[in-house]
Amino acid sequence: MTETTIPEQLLHLVFGGELRSLDSVEFKNLDKIDIVGVFPNYATAYAAWKAQAQKTVDNALMRYFIVHMHRLLDPATDATRQQT
């Protein structure tokens with residue numbers, strides 16, 4: 001009998017917006033933050049981040065970020081994972 005394993009969910013949030021200046025991470029308008037989505041692993045989050053970043057390449061003040069939500073939800077588990 002073959003046992004199916006479900007991949008571990010390592011949630012990642014991708015979001016972005018226009019910054020006030022190039023040397024800060026303060027957004028110009030919080031009402032216009034673009035929430036791209038929540039993704040089950042880094043690879044899919046990275047693909048979404050890259051697609052959004054490429055769409056806005058002409059605006060130097062637009063920045064997109066990947067937040068490792070799984071680290072925020074369970075920091076102890078992540079610390080253990082990094083040591084192995």
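The lone criterion from (1) in contact with an Asp or Glu (Cβ under 7 Å, 6 or more places away or on another chain); (2) without any contact (Cβ under 8 Å) to a residue 40 or more places away in the chain; (3) not basic (Lys, Arg) left unmet by Leu19 is number (2). Give me the residue from the range 25-78 that is within 16 Å of Leu10 (Cα to Cα) and small (Gly, Ala, Ser) and, out of that set, farthest from the chain's Cα centre (by Cα). Among those residues, the one meeting the criterion is Ala76.
Among the residues of the range 43-77, the ones that are part of a helix (DSSP H, G or I) and either aliphatic (A, V, I, L, M) or exposed (fewer than 15 other Cβ atoms within 10 Å of the Cβ) (or both) come to 17 in all. Take Gln9 and tell me if it is in contact with a Pro (Cβ under 9 Å, 6 or more places away or on another chain) and of a type in the set (S, T, N, Q). Answer is yes for this residue.
Kindly establish whether Leu22 is assigned to a loop (DSSP other than H, G, I, E, B) and not aromatic (Phe, Trp, Tyr). Spelling it out, Leu22 is indeed assigned to a loop (DSSP other than H, G, I, E, B) and not aromatic (Phe, Trp, Tyr). Taking the criterion of being surrounded by 15 or more Cβ atoms within 10 Å (Cβ to Cβ) and either modelled with pLDDT under 95 or not aromatic (Phe, Trp, Tyr) (or both), would at least one residue in the range 22-33 satisfy it? Scanning the range 22-33, I find no residue that is surrounded by 15 or more Cβ atoms within 10 Å (Cβ to Cβ) and either modelled with pLDDT under 95 or not aromatic (Phe, Trp, Tyr) (or both), so the answer is no.
The values are calculated or read from the model by the stated rules, or taken from the named source; none is laboratory data. Small disclaimer: the values here were computed from a predicted structure and weren't measured. Note: ideal-geometry Cβ built from the backbone for every residue, glycine included; neighbour counts use all protein chains shown.
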